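Report on the following structure.
The values are calculated or read from the model by the stated rules, or taken from the named source; none is laboratory data. Note that the coordinates shown come from a computational prediction; the quantities given were computed from them, not determined experimentally. Please note: Cβ atoms are built from the backbone with ideal geometry, for glycine as well, and neighbour counts cover all protein chains shown.
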């Protein structure tokens, strides 16, 4: 069975960050959105690598 983190690609994370920012009434296309998307993508990769190392 495939893990869920293998399905997520950077565009998926960027869209999720934009949807969250839009719901919070922030500009979904600004610098903060890029920062949030980048930080989220970094976290997903870090967690994926950490879990792969533990397995």
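Just a few scattered comments:
- Which numbered condition residue 26 fails, given (1) modelled with pLDDT under 90; (2) part of a loop (DSSP other than H, G, I, E, B): (1)
- Evaluation of residue 35 against (1) at pLDDT below 95; (2) assigned to a helix (DSSP H, G or I) (one fails), failing number: (1)
- Test set (1) more than 8 Å from the chain's Cα centre (by Cα); (2) at pLDDT 90 or above - residue 54 fails condition number: (2)
- Cβ separations smaller than 8 Å between residues 6+ apart or across chains give the following pairs from region 7-26 residues that are free of Cβ contacts under 8 Å to residues at least 24 places away in the same chain to residues that are in a loop (DSSP other than H, G, I, E, B) and surrounded by 13 or more Cβ atoms within 10 Å (Cβ to Cβ): 18/28; 19/28; 21/28; 22/28.
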